[in-house]
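These notes concern the structure reproduced below.
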Amino acid sequence: MTNLVEVVVQQRTAALERPLTYRVPPGLELGVGDVVRVPLGPRELYGFVVAGPRLGEPPPNVRAVLARASEIPAFDAAGLALAQWIAEHYCCSLSEALGPMIYGAALPRTVDRFVPSPSFETSAPASVPSRLTRLIAEDLREGFSLDALLRHPEARRAGDRRALLRALSVLVRSGALTRSRTFAAPRMSEAREKYLEAMGSDVRGPRVRALVELVRESGTLRRSEALLSGYSQSVIARALREGALRETTLRAAPQRTRSEREERDLLATAEQQRAIDQIVARIESGTFAELLLQGITGSGKTLVYIRAIAKTLALGGRALVLVPEIALTPQTARRFESAFGERVAVLHSGLSERERFDSWHAAARGEVDVVVGARSAVFAPLPDLRLIAVDEAHERSYKQDGVPRYNAVDVARERMRRRGGVVVFGSATPPLEIYARALAGAVPHLRLTRRASEQELPHTFLVDMAAEFERGNRRIFSSALVDGIAKRLERGEKIVLFVNRRGTAGFMLCRACGAVPECARCSISLTVHRGEGLLRCHLCDAQRPIPESCPVCGRGPIREFGAGTQKVVETAAALFPQARITRMDGDTTTRVGDHARLLDEFEQRGDILVGTQMVAKGLDFPSVTLVGVVAADIGLHLPEFRAGERSFDLLTQVAGRSGRAVPGEAIVQTYSPDHPALRFAARHDFDGFAALELEQRRELNYPPFAEMIALGVIGRKREAVAETAERYAAQLRGMAEGEVLGPAPFPIPRVNDEWRYRIAIKTRAGAEVRRIIRERLGPAARSDRTTRLAVNVDP
């Protein structure tokens, strides 16, 4: 009998999605979550122990684990169980499901380096794409890593990741490339710092005595702080030499944003107190519960979260707060820091790698009580987690686009179900799936119907832009919006202008021949970025200069159509040159700290904030009294069943930024003033909109009355993609219970030189359909070298 463990290897390929069995050498103790180095074929890889050790007869030719690679486990048993649920529910491999809950920068890694042979250009097989061989010969001649190749701007033109890996294998086998593998240290490790401690010896010299006294008063003092206090290296060295001080190297305390702790106790309204009492009762019960907190914008949902968290902490537990946008995190985090001091950590992708590392490991060690973060923070390794508050729970940004395509709302529910904790879904416009369950009595429904400030909701006006056009107004701003901005600027009040498109214009069009410049790799028009002098693809980021004349007929004139954030800024600056305008979109928030910097800039000295969705949610600026929605029709007519719901949510949220402390207004510009989503949003009538939308979905068998699963078939050859999609759809019709729609091309059928077809399944037997996809379609897709399958549960 031998000790055996199951290991998921750290290799990004669906061909290795199942755990592999390895023998444990004598003297090596392993457990779930341990990082190990294992052999696989002729290579060595890192992997994670997901089962064992167990005594058993080893299978034939079973190989042994080579070594434990890290003293710190990558995850615990609870994390593994959650990953197994994600793998099953979202139809991905266990390795892919483990990805979000493993902090990769803290793990050892393998680095493959490829070096071209002297005869590379003549020895490269003809089957390798010529674009790739040319790229290696011209730009990567000195050698390269796989990551360096994948990051190269020309690499995607040579093929997708799978195609590039296949081509590299061919080049290695032919001798055109030589591959060497090294085992590298983690990119990130615990920060270490030198500390000074007073030992009590007598010393001479006023500077040395003053330093010793300072250290004695502090207990321990960082050496760096002693230097910042004016004590030189020689003074510190003398104190150490004479035995007055002792120096030790310890783990550095994480640097977190300090915030004045708020001592005053805000008085909860009667509605808030009822919600707090119900949530606290369920926290005290120690059993799983989910609650819907439906509160209008400005109703004080954050105070409810804070009181519930305070009770959780008093009972010895910890809490997690999820927000939908990175832009919201700094402002939200400050609210919780003011309530709970420095035992609050922030987690989101906009932080530096060091900041994320420190927060992640502080949470794992129990050094913080509250974590505030965006989608991936749902996996924060907080011990004794008893409460998760999901703010703005309707937001689709909680849905991950890449594998694993999880929804953080559902993961939060599942995590608390397994832990026996409480999850609170907060929103002014709840997800219809949760709202329908609340109406049916399956989820406690807590309502906040009044703003905490007692201010009324902003008056919302729909402006018919077709009528504006008939009256001769060709600007992107209606007369009502121009007048509204002017009045607010005169009174020193702030304005938010929302347009859900970045850039200067949506596209360019030649008025002579009708040509529209399009991306060469994607089925989409190029967006105008006048400030950079570029046309850019918002899918693959291809760029080209803005043409002087039509590139097709050479005559023109070529004009811009559709407004983006840059165009709105230009128009506002031309109309109101004295206004201080802040722009916030994907182009202005590319660096760490940009979100917080821009929000602070607007709060301190800005007049007008122009932005995309990131300004529509959760931001609380009391001096904002006007919100202008420049183009409400963007997204309203998309070919998907949630288009109306998302437009209603977005308009309600962005209008709610106005009038939070003093009366405010919202002006919504649209070419569809009679659309139900807009009419209900203008009246702030969520219940009326939800009743109409749910009735329509019931008739058409859409969620929440059925589950929706979308399959994408993707590949470089259109015929092969269409044929494979037809085959998958036929298999599903023969095996799955429900309605199978398609296949049909995606609305944007080609992205980055890959063709995309989709199949939609509406079913009331979701678990069975997912099983069929995992067990039948999954193996077929993994063996297909011309296409790949993307499964999206709850798209």
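The values are calculated or read from the model by the stated rules, or taken from the named source; none is laboratory data. It should be emphasised that the depicted structure is a prediction, and the values quoted were computed from it without experimental measurement. Heads up, the Cβs are rebuilt from the backbone with ideal geometry, glycines too, and the neighbour counts pull from every protein chain shown. To get the accessible areas, we keep the full protein, side chains included, count just its heavy atoms, and leave off ligands, DNA and RNA. Shrake-Rupley method; radii C 1.70, N 1.55, O 1.52, S 1.80 Å.
Looking only at residues in the range 739-752 that are of a type outside the set (A, V, I, L, M, F, W, C) and either open to solvent by 50 Å² or more (accessible area, probe 1.4 Å) or under 25 Å from the mean Cα position of the chain (by Cα) (or both), which one is nearest to Y702 (Cα to Cα)?
E739
So I773 passes all but one of these: (1) without any contact (Cβ under 8 Å) to a residue 60 or more places away in the chain; (2) assigned to a helix (DSSP H, G or I); (3) crowded, with 20+ Cβ neighbours inside 10 Å. Which condition number does it fail?
Here I773 meets the rest and fails (1).
A quick yes/no check of all residues on (1) part of a helix (DSSP H, G or I); (2) open to solvent by 20 Å² or more (accessible area, probe 1.4 Å); (3) touching a His at 6+ places or on another chain (Cβ under 9 Å); (4) free of Cβ contacts under 8 Å to residues at least 12 places away in the same chain:
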position	(1), (2), (3), (4)
T590	no, yes, no, yes
L599	yes, no, no, no
V627	no, no, no, no
A631	no, yes, no, no
G635	no, yes, no, no
Q653	yes, no, yes, no
R660	no, yes, no, no
Q669	no, no, no, no
P673	no, yes, no, no
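Quick test for you: out of P59, P73, pick the one residue that is in a loop (DSSP other than H, G, I, E, B), out of contact with any Gly (no Cβ under 6 Å at 6 or more places or on another chain) and of a type outside the set (S, T, Y).
Only one candidate passes the filter, namely P59.
Residues to consider are G618, G606; find the one that is open to solvent by less than 30 Å² (accessible area, probe 1.4 Å), of a type outside the set (A, V, I, L, M, F, W, C), over 30 Å from A155 (Cβ atoms) and modelled with pLDDT under 85.
The conditions single out G618.
Exactly one of (1) open to solvent by 60 Å² or more (accessible area, probe 1.4 Å); (2) of a type outside the set (A, V, I, L, M); (3) outside any loop (DSSP other than H, G, I, E, B) is unmet by E560. Its number?
For E560, the exception is condition (1).
Working only within the range 29-52, note down all residues that are out of contact with any Pro (no Cβ under 9 Å at 6 or more places or on another chain) and more than 22 Å from M101 (Cβ to Cβ).
Listed by number, the residues that qualify are P39, L40, G41, P42, R43, E44.
Are there any pairs, at least 6 apart or on different chains, whose C-beta atoms fall under 6 Å, with the first in the range 511-529 and within 12 Å of F561 (Cβ to Cβ) and of a type outside the set (D, E, K, R) and the second part of a loop (DSSP other than H, G, I, E, B) and open to solvent by 20 Å² or more (accessible area, probe 1.4 Å), and if so, which?
S525/V516; T527/H538
Across the range 521-541, which residue is modelled with the highest pLDDT among those that are in a loop (DSSP other than H, G, I, E, B) and more than 14 Å from I748 (Cβ to Cβ)?
Here the residue is G533.
Mind counting the residues in the range 776-795 that are under 14 Å from E707 (Cα atoms) and buried (at least 20 other Cβ atoms within 10 Å of the Cβ)?
Total meeting the criteria: 2.
What helices (runs of 4 or more DSSP H), lying completely within the range 178-249, carry at least 2 residues that are closer than 30 Å to F120 by Cβ and of a type in the set (K, R)?
none
So E665 fits all but one of (1) surrounded by fewer than 16 Cβ atoms within 10 Å (Cβ to Cβ); (2) farther than 29 Å from Y90 by Cβ; what number is the exception?
(1)
For the range 534-557, name all the residues that are open to solvent by 60 Å² or more (accessible area, probe 1.4 Å), within 26 Å of M614 (Cβ to Cβ) and touching a residue at least 40 places away in the same chain (Cβ under 8 Å).
L539 - this is the single residue of the range 534-557 that is open to solvent by 60 Å² or more (accessible area, probe 1.4 Å), within 26 Å of M614 (Cβ to Cβ) and touching a residue at least 40 places away in the same chain (Cβ under 8 Å).
Could you say whether any residue in the range 157-170 is open to solvent by 30 Å² or more (accessible area, probe 1.4 Å) and under 30 Å from T249 (Cα atoms)?
Scanning the range 157-170, I find no residue that is open to solvent by 30 Å² or more (accessible area, probe 1.4 Å) and under 30 Å from T249 (Cα atoms), so the answer is no.
Do we have V344 as of a type in the set (V, I, T), open to solvent by less than 40 Å² (accessible area, probe 1.4 Å) and over 23 Å from A268 (Cα atoms) here?
Here the answer is no, as V344 does not meet what is asked.
Do you know which of the residues in the range 370-398 that are in contact with a Pro (Cβ under 8 Å, 6 or more places away or on another chain) and charged (D, E, K, R) is farthest from S299 (Cα to Cα)?
Among them, the one singled out is R375.
Go through the range 353-377 and count every residue that is open to solvent by 40 Å² or more (accessible area, probe 1.4 Å) and out of contact with any Phe, Trp or Tyr (no Cβ under 7 Å at 6 or more places or on another chain).
Within the range 353-377, residues that are open to solvent by 40 Å² or more (accessible area, probe 1.4 Å) and out of contact with any Phe, Trp or Tyr (no Cβ under 7 Å at 6 or more places or on another chain) number 8.
Within the range 21-56, count every residue that is open to solvent by 50 Å² or more (accessible area, probe 1.4 Å) and either at pLDDT below 85 or assigned to a strand (DSSP E or B) (or both).
Matching residues across the range 21-56 total 8.
Which members of the range 573-588 meet the condition of being touching a Leu at 6+ places or on another chain (Cβ under 7 Å) and either open to solvent by 20 Å² or more (accessible area, probe 1.4 Å) or at pLDDT 90 or above (or both)?
Hits for the range 573-588 are F576, A579, T582, T588.
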